[in-house]
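**Student:** Pasting a structure here, questions to come.
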Amino acid sequence: MHRAHRYISSLFLAAALATPVAIMAAEPQDARDQVRVYDRDHKDYHNWDDKENRAYGQFRSENHKSSPEFSKASKKEQSQYWNWRHSHPDKD
């Protein structure tokens, strides 16, 4: 009986120590789908999501830009977008 008690206690201890490690190792579901873009001029990151897509579309139409995707735009155009974006925050 004493040996079984020690065995069960060891299992509980191992489970208690392994649980936080397993939780930290699991990547959140949403984190895999997020794209973060670095703004070099303002030295900050932006999550590229539907709001950012709409804002980029508005920027393109207001400024007659031709690049349909931000990632394919020139560095100059990307910089212009981030300057525009910082002066046009979301109205949430």
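**Student:** How many angstrom separate the Cα center of segment 73-92 from the Cα center of segment 32-70?
**Tutor:** Centre-to-centre distance over Cα atoms comes out at 7 Å.
**Student:** Label H2 and W48 with points 7 Å out from Cα along Cα→Cβ: what is the distance between them in nm?
**Tutor:** 6.6
**Student:** Let me ask another. Hey, if we sort H2, H46 by accessible area with the 1.4 Å probe, largest down, what's the order?
**Tutor:** H2, H46
**Student:** A further question on this structure: Leaving ligands and nucleic acids out of the surface, order Y45, Y56, Y38 by accessible area at 1.4 Å, largest first. Mind showing how you got there, number by number?
**Tutor:** Details: Y45 130, Y56 5, Y38 100 Å².
The ordering from most to least exposed comes out as Y45, Y38, Y56.
**Student:** Tell me the label-point distance for the pair D90, S10, using the 7 Å Cα-to-Cβ offset, in nm and rounded to one decimal.
**Tutor:** 5.2
**Student:** Taking all protein chains together and a probe of 1.4 Å, list D49, D44 from the most accessible to the least accessible.
**Tutor:** Greatest to least solvent exposure: D49, D44.
The values are calculated or read from the model by the stated rules, or taken from the named source; none is laboratory data. Keep in mind the model is a prediction, meaning the values are calculated, not measured. Cβ coordinates were reconstructed from backbone atoms using ideal geometry, including for glycine residues, and neighbour counts include every protein chain displayed. Calculation scope for accessible area: heavy atoms of the full protein, side chains included, ligands and nucleic acids excluded. Shrake-Rupley method; radii C 1.70, N 1.55, O 1.52, S 1.80 Å.
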